[in-house]
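See structure below.
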Amino acid sequence: MKLHLVPARAGLQWVKTGVRTFFRQPLALSGLFLLFMALMSLIGFIPVVGNMLALMLLPGATLGLMAAAQEAANGKFPNPAIMLHAFRAERKQYKSMLLLGALYAAGFLLVMAISASIDGGQFARIYLFGGDLSPDILARSDFETAVLVAALLYMPLSLLFWHAPALVHWHGVPPIKALFFSLVACLRNFAAFAVYNIAWVGLFLLMGLLVTILSAVLGNPEFIGDIIIPLGLLMATMYFTSIYATFADSFVEDGHVQQDHTEPPATPMAPD
């Protein structure tokens, strides 16, 4: 396995690939994304341990969506059982995925703990356990600072875990090495990832703008509420579908030559 360095324009290609893959199996992928959301929500409702368990299972569940995207990209129908893809592997990989989930949960809770030291835990409580965001809370400077700090700290956590589940499951890379390789891959291809995320933010904003304009043209303000949620879910499904493209283009098998980009050499990253 080698790290494949790509140009900045690859970020746009990842977006296009995700959208194209989605439209190969739109109903199946949309259904699986809703199943993913429902499962995470239901697990979160389990008393005491629910939120922690949901965090631990998130990397494995995300891998399920990546596996579904892989199936769709190969012209196959991804059935619901694929959401358990990460937990139907050999015992060693299964244990590695659980360890990865535990590390993710620990990292996320550390981010929340740091933000709690700023606003007394207001943001962390609302994020983890729900609650009303009153104007008074939103107006507090310490709450705003806590949200900003949490967002900034979550970025490196996201980079660590972006490719890690796929590296553990499909390449048998040990969890700690998978986190390191994921971080390196994201940083070495930083320009492409920046373009990729900027493009998705732009698409989400464009969707909101078009819905607002259409609502004004129709003279029906309620139209926004009727359409924005289903459209947002479709866009979110496309986004998650595109994550597989970022992984498939960032790592290549030894001896494999990438055809899509002409950027130079792949960097060896041995799993052991």
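All of the numbers you see were taken from the coordinates with simple rules; none came from a lab. The shown structure was predicted, so the numbers you read here are calculated from the model rather than taken from an experiment. Methodologically, a virtual Cβ is constructed for each residue, glycine included, from the backbone with ideal geometry; neighbour enumeration extends over all protein chains shown.
Where in the chain is the longest stretch that carries no trypsin sites (Lys or Arg not before Pro) classed as loop by DSSP and with at most 16 other Cβ atoms within 10 Å?
That gives 141-272 as the longest site-free run.
Give me the Kirkwood hydrodynamic radius of segment 14-260, using the inverse of the mean 1/r over all pairs of distinct Cα atoms, in Å to one decimal.
Kirkwood radius, segment 14-260: 19.7 Å.
Pick out, in residue order, every one of the chymotrypsin sites (Phe, Trp or Tyr not before Pro) in segment 9-113 that is DSSP loop and has at most 14 other C-beta atoms within 10 Å; say none if there are none.
F23, F45
Check every DSSP H run in the chain and write down those whose alpha carbon atoms cover 15 angstrom or more along the long axis and whose mean Kyte-Doolittle hydropathy is 1.6 or greater.
26-44, 190-218
Using the Cα centre as the reference, give the magnitude of the dipole from point charges on the C-beta atoms of segment 14-260 (Lys, Arg: +1; Asp, Glu: -1; all else neutral), rounded to the nearest 20 debye.
Roughly 700 debye for segment 14-260.
What net charge do the residues around A67 carry, taking every other residue with its C-beta under 13 Å from that of A67, with Lys and Arg at +1 and Asp and Glu at -1?
+1
Using only Cα atoms, what Kirkwood radius does segment 1-133 have, in angstroms?
Here the Kirkwood hydrodynamic radius works out to 17.0 Å.
Under the definition of Cα pairs under 8 Å and six or more residues apart, what whole-number percent is the relative contact order of the chain?
Computed over the chain, the figure is 38 percent.
Quick one: how many lysine pairs in the chain have C-alpha atoms under 21 angstrom apart, if they're 8 or more apart or on different chains?
4
Which one, L179, W162, Y94, is farthest towards the positive end of the dipole of segment 83-195 when Lys and Arg carry +1 and Asp and Glu -1 on their Cβ?
Farthest along the dipole direction, towards plus: Y94.
I'm checking a number: the convex hull volume of the Cα atoms of segment 90-170, normalised per residue, in Å³. What is it?
Hull volume over Cα atoms, normalised by residue count, gives 87 Å³.
I want to check the label-to-label distance for K76 and R140. Put each point 7 Å from Cα in the C-beta direction and report it in nm to one decimal.
Taking the simple label geometry, K76 and R140 are separated by 5.0 nm.
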